[in-house]
1. I want to confirm something. Restricting to region 535-568 and keeping residues that are within 16 Å of the ligand (Cβ to nearest atom) and polar (S, T, N, Q), which single residue is farthest from Asn695 (Cα to Cα)?
2. Which ones in region 182-212 are more than 30 Å from Lys103 (Cα to Cα) and buried (at least 19 other Cβ atoms within 10 Å of the Cβ)?
3. Sort through Ile286, Ile334 and tell me the only one that's touching a helix residue (DSSP H, G or I) at 6+ places or on another chain (Cβ under 7 Å), in a loop (DSSP other than H, G, I, E, B) and in the same structural domain as Leu211 (by TED's automatic domain parsing).
4. Look at Gly876 and say whether it is surrounded by fewer than 21 Cβ atoms within 10 Å (Cβ to Cβ), more than 18 Å from Gly905 (Cα to Cα), away from the ligand (no atom under 16 Å from the Cβ) and at pLDDT below 95.
5. Could you tell me which numbered condition Leu858 fails, if it satisfies all but one of (1) of a type in the set (A, V, I, L, M, F, W, C); (2) closer than 24 Å to Ile555 by Cβ; (3) assigned to a strand (DSSP E or B); (4) out of contact with any Gly (no Cβ under 7 Å at 6 or more places or on another chain)?
6. Against the definition (hydroxyl-bearing (Ser, Thr, Tyr), under 24 Å from the mean Cα position of the chain (by Cα) and closer than 20 Å to Ile352 by Cβ), how does Thr248 come out, yes or no?
7. From the set of residues in region 397-437 that are more than 15 Å from the chain's Cα centre (by Cα) and in a strand (DSSP E or B), which is nearest to the ligand (Cβ to nearest atom)?
Amino acid sequence: MRYFIYLCCTVLAFYGGSASADSSSDKKSNIAIVISKDAHQRIQFGAEKLAEALNKAGYKARVQQQNKFPSRNNTILITEKSQAQAGQLLKQSGIAVANLDHKEGFSISTSSNNRATIVGSDVTGALYGCLELVDQVNATGKLPQNLTLNDHPEMVLRGTAIGLQKPTELPGRGMYEYPYTPEDFPWFYDKELWIQYLDMLVENRYNSLYLWNGHPFSSLVKVKEYPYALEVSEETFKKNEEVFRFLTAEADKRGIWVIQMFYNIIIPKPFAEKHGLATQDRNRPIIPIIADYTQKSIAAFVEKYPNVGLLVTLGEAMEGRGQDDVDWFTKTIIPGVKDGLKALGTDIQPPIVLRAHDTDADIVMKESLPIYKNLYTMAKFNGEALTTYTPRGSWAELHRELSRIGTVHVQNVHILANLEPFRYGSADFIQKSVQAMHEIYESNAIHVYPQASYWDWPYAADKAKNRLLQVERDAIWYKAWARYAWNSRRDRSKEVTYWSDQLAGTFGATPQAAENILKAYEETGEIAPKLLRRYGITDGNRQTLTLGMTMTQLINPFRYNLFTMLYESEAPEGEMIIEYAEKEWNKQKHIGETPVIVAEEVLVHGRKAIEAIEAASAGVSKNKDEFERLKNDVYSYNELAAFFSAKVEAALSILRYKYSDDISDLERALPLLEKSVVHYRKLADLTKDTYLYANSLQTKHRKIPMRGVDATYKHWVEVLPVYEKELEHFRRSIDSLKNPSNNKATAKVIRYRNVPVTVLNKRPEYFTVEKNAKVYSDTTLKIEEFASEIAGLKGLKLSKRDQIKNGTTIEFTSAQPVKVLVGFFNEKNPGLLTPPDLEHDVSANDFGQSEIKIANALLASSFAPVNIHSYSFPKGRNKLTLAKGACVIVGFVDANDQVRLYDAGIGVKGYKKDIDWLFE
Ligand code: ADA
């Protein structure tokens, strides 16, 4: 009772104080922020934030929970549409209820004397209304008077991603297999860091947070029937439970759904070991015990964390596309969720987001919607990069198809492999990208990856005394996507003012300096997208663009498994380097964005960015260290642009030689290639002391420009010698060509050597790689032509029909390490085995098979030419399993054979000689 009286007195004193104070709106006054006694925690959170902002601005504001909502001076009233007070408030304030039709919308009405009303269309809307006032108070230092504002988000889901993943694989584990432990993810247990991150999310009005991991369940739940599946110690398990509960509760307060992502089918290591299974195996059919375990662990998860949604990747660890995906989703995952809901006694369905990655999502959706309503789809915006805001082609069609299902379709701004590691803050590019999400993809939701260093969360790649946090370094990245996800139709000239103001705040900059900083961001913001979409091999993270590209990658991209969708869908209409060279030679008209246009444009972007950042320097008074780092990034982008520009010009001259046979074309290329190395050296100098690495994925999956195995070739300083050597080699090749007596002037042929193996398949049949040999036991397909390197190899003659129906399994023993050479037909056709593809399958290099060893190496009858890949095995007994589809087993060769990688051009119409040898 005493406590009650005390409380009343304080409230009265507080309130009385305000009433007797000068109530003019300019004067800093006591303000009561009134919310109802049973106000939702999001409204409480919003009210507290508003009080904080007002107090910082010099007011004395305090939150009061009471059921009377008095209309008087110095009072801010907050509620949401369905609350008891809403009707009265709407009437008093004149807010029209029709303004509150949108999810997460709000209306604010303020009058003089610090009177304000905030009504949300729901509790999150009320929270956002508070935050809108917070922003205004922060910007102007006072509570706005006579304001009427109605607003709501344009995109319905606005989220970010955090990976519980690491730059390298854990010993003895496969890709994505990272149990949640304090040893591997100390930051996961750092509650302060979570609060900092969640506050950033809510300040930017994000309403979802996705945690990415291979198989999180065995770190977060126990399954009664499978106690041995738990992957972490009891002590860690308790910590995980606690942190996950804390995180989901804090997120909920801020109107944020936590959504747990997982890959399929991955099983926990102890479970796998107990049952003699692999943790993941793309070629494994669905096995009942794995299905049962997965269903039960999902059920346990849903029961324990009912406020958490699921993001599902069907694929990567499951065979391609097909019925298995549908079955797994409808017979294992959805039933698991439903079992969990049943155990909870609720029918409120958590959201399940289905990724269209390595899956026919539309088919899976069709089968799933009748049994589960709260489904969403998600697909990558520009692959694993940022390349264009004018996406088109088949990828755009897929997006539209998913949007038109009628459920919400989420844009996945996935790993930004071409933006790593430099700062990115082009508000213009980002705004146009979000507009494209609406207009071209017809979608209405977004999910944003970290700007760089996804695999190294929470740190950025900068070499600084204390490692920089991404949440701080890349604040502009998170802010820009969120701002346009909320409203993409903002007026560009006002946006320039908005961002300049923001940057003026960050760097204590004069308006002119701030505008220049924005300009530097926007000019550099064009460079990486243009370079990748016009010269790149892939939109995937097997390429790190900022480390550059080798000459053979520029002049012979097909040898490196060119991912053609990059050019067809993720770039404006235009030409590749090789197309441009061919057209030039044939004097044909060029179309769209050409390699030459980009080579010129990136130089201009680089120059303008430098001019802008230098002009800004003198006007910066705060965060000077960070400004210097940003400036260094601008210089780095400029050198990167100059490196590519010169190298691409060299490439075009070299490709001309392919047609002209004129050595002067090569001679013309030489100074250009030299120039590119000079710029790369400058880039290495700029990054030597400022960056730890370029790419955060430091495994064997990285291929371009160099193999990234065991965290190698991850820094410019390491890659520079590659380009220096390439230049030297080229110089010598020109000399050799000029001196015909020098027999080094053409590539030397080194043959693969057969090694003895015992094939354990039933009654194996063989063929020899020679003219007219039959490569299958059940067709008449005969070898017409082949590369000298594979002549005489002993291939395995299999049944083509059986390969198509059941896939290929070869068991064999050998006394020495061996590589199995597998030929993939160079054509997309349902009956043919698809080549290893790291864009959709991270296990595609587990045996070193992702790279083409000899392109167009063999021609059999009228079939497409065959590209050869190799699968490495240790000595002893081994098994090679390939998915369904025809391929040719060309031979078993010595694992140490180092045959030059190249394109033999066999069976390729109009093929012009191999010139890769000029560089390697
Ligand atoms: C590719 C990529 C992986 C991962 C995956 C996905 O396989 O190489 O790193 O991002 O796609 O989940 O989309």
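1. Among those residues, the one meeting the criterion is Asn561.
2. If the condition is that a residue be more than 30 Å from Lys103 (Cα to Cα) and buried (at least 19 other Cβ atoms within 10 Å of the Cβ), then Phe185, Phe188 are the ones that fit.
3. Ile286
4. No.
5. The one condition Leu858 does not meet is (4).
6. Values: hydroxyl-bearing (Ser, Thr, Tyr): yes; under 24 Å from the mean Cα position of the chain (by Cα): yes; closer than 20 Å to Ile352 by Cβ: yes.
For Thr248, the condition - hydroxyl-bearing (Ser, Thr, Tyr), under 24 Å from the mean Cα position of the chain (by Cα) and closer than 20 Å to Ile352 by Cβ - is met.
7. In this case the residue turns out to be His409.
Yes/no matrix, rows are residues, columns are (1) under 41 Å from the mean Cα position of the chain (by Cα); (2) part of a loop (DSSP other than H, G, I, E, B); (3) more than 16 Å from the ligand (Cβ to nearest atom):
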residue: Lys771; (1), (2), (3): no, yes, yes
residue: Lys797; (1), (2), (3): no, no, yes
residue: Thr809; (1), (2), (3): yes, no, yes
residue: Gln849; (1), (2), (3): yes, yes, no
residue: Ile852; (1), (2), (3): yes, yes, yes
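The values are calculated or read from the model by the stated rules, or taken from the named source; none is laboratory data. Note that the structure is predicted; figures quoted are calculated from it, not measured. Note that each Cβ is placed from the backbone with ideal geometry, even for glycine, and that neighbours are counted across all protein chains shown.
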